[in-house]
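The structure appears below as structure tokens.
The values are calculated or read from the model by the stated rules, or taken from the named source; none is laboratory data. All values reported here derive from a predicted model rather than from experimental measurement. Virtual Cβ from ideal backbone geometry, glycine too; neighbours counted across all protein chains shown. SASA here: full protein model, heavy atoms, side chains in, ligands and nucleic acids out. Shrake-Rupley method; radii C 1.70, N 1.55, O 1.52, S 1.80 Å.
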Amino acid sequence: MSTTSLGAVGVPAAIAPVAGTPAAGTTSHAADAGTLWRPSAPCTPRICIDATGPARAAPLAALRIVAVLLLLVVGCAAMPLGGRIPAGTVRRWCRWVVRAAGVRVRIAGPAAPGGGLLLVANHVSWLDIPLLAAVRPARMLAKSEIRGWPVAGWLTARSGALFIDRDRIRALPRTVDRIAAALRAGQAVTVFPEGSTWCGRAQGSFRRAAFQAALDAGVPVQPVRLRYRLAGGASGTAAAFVGDDSLLASVWRVVRARELVAEAEVREPIVPGSRFDRRSLAEAAEASALPRECLVRVPRQQRAVPVAGADQPVSTAPACEPLTA
């Protein structure tokens with residue numbers, strides 16, 4: 001479920017560890033197994049997920065799942081009302097969904113602009129979807145496989161999502177046109193430009209195709225930085241939904257976890273006219289949205305890997321790779 005990567009600061013040595021060779025105190029990430037059109041992160045539950053923290057008792061966790069399902073039923077019942085539901089009500093409901101799963105919500109930064117808006121963020125978890133909707137309700141660009149997911153697939157389709165078939169690269173221009181049409185109509189569209197989920201301690205790079213829609217429609221791009229932490233502030237991976245992880249296993253891990261905090265940091269919007277091509281627009285959004293404190297820059301054959309701490313010397317590793325579609 002992921003993409004490529006860019007790094008930033010914080011390695012104990014000038015050379016990043018090669019794929020498959022863990023550095024002391026770090027998590028190893030192999031090369032991205034995806035293709036240009038079907039990005040796939042190297043993150044896996046076995047390598048990346050640390051669920052050894054405080055855990056809720058199973059009965060209480062089960063009650064959390066019931067609470068989430070009840071909120072989803074309420075959302076389904078309200079769907080026929082569509083745009084007549086105030087945006088503030090939708091935002092509160094989305095916060096309640098995340099909170100019902102036992103995850104505290106923190107949203108920081110300026111309010112997202114109204115009107116047509118391309119909302120972009122790093123992608124870690126299925127929780128990202130309600131968390132971003134708590135920032136600004138929007139139509140979501142989703143991979144076509146989600147249609148087959150139990151409950152979530154039906155909800156996604158009914159919410160007005162724009163589906164993309166990643167097996168048909170020739171469908172890309174039509175998808176971009178559909179996004180641009182929604183943006184011109186004053187709607188917000190949510191895109192995860194990494195193309196897949198990463199564990200949060202490593203990140204992918206932003207694929208640039210969807211940014212063409214923002215250029216064509218002349219609307220701002222709103223980067224949002226998502227993090228999942230423990231109550232004490234340390235980075236947590238219990239919420240990550242990566243690799244061959246099943247949705248049920250991921251949901252159960254989240255509701256069992258205690259002291260998990262979901263953070264959405266709304267960055268400054270990138271206004272129309274400030275970037276004139278999709279490459280520079282994607283790079284600007286990526287620089288704003290991706291958490292940098294635990295990543296390093298690595299060659300194209302490798303991917304970002306976490307480091308032992310964020311207070312290490314700045315890396316002199318190679319410059320970032322070219323962005324792809």
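Starting from 0.36 nm per residue, how many nanometres of slack lie between residue 87 and residue 244 once their C-alpha separation is accounted for?
Extra length available between residue 87 and residue 244 comes to 53.0 nm.
Return a whole-number percent for the relative contact order of segment 48-183, with Cα pairs under 8 Å and 6 or more residues apart as the contact set.
Values: 92 pairs, mean separation 29.5, N = 136.
So the answer I get is 22 percent.
Between residue 174 and residue 57, what is the FRET efficiency for a Förster distance of 45 Å, r being their Cβ-Cβ separation, to the nearest 0.05?
Efficiency, rounded to the nearest 0.05: 0.35.
Across segment 277-283, in residue order, what do the Karplus-derived ³J(HN,Hα) couplings come to in whole Hz, using 6.51 cos²θ - 1.76 cosθ + 1.60 with θ = phi - 60° and x for Gly and Pro?
8, 5, 5, 5, 5, 5, 5
Give the separation of the Cα centroids, segment 122-200 to segment 202-281, in Å.
12 Å
Could you please put 248, 119, 72 in sequence from largest to smallest accessible area, using a 1.4 Å probe?
248, 72, 119
Once amide H atoms are placed 1.01 Å from N in the peptide plane, what residues at a sequence separation of 5 or more from residue 51, or on another chain, have their amide H within under 5 Å of its amide H?
none
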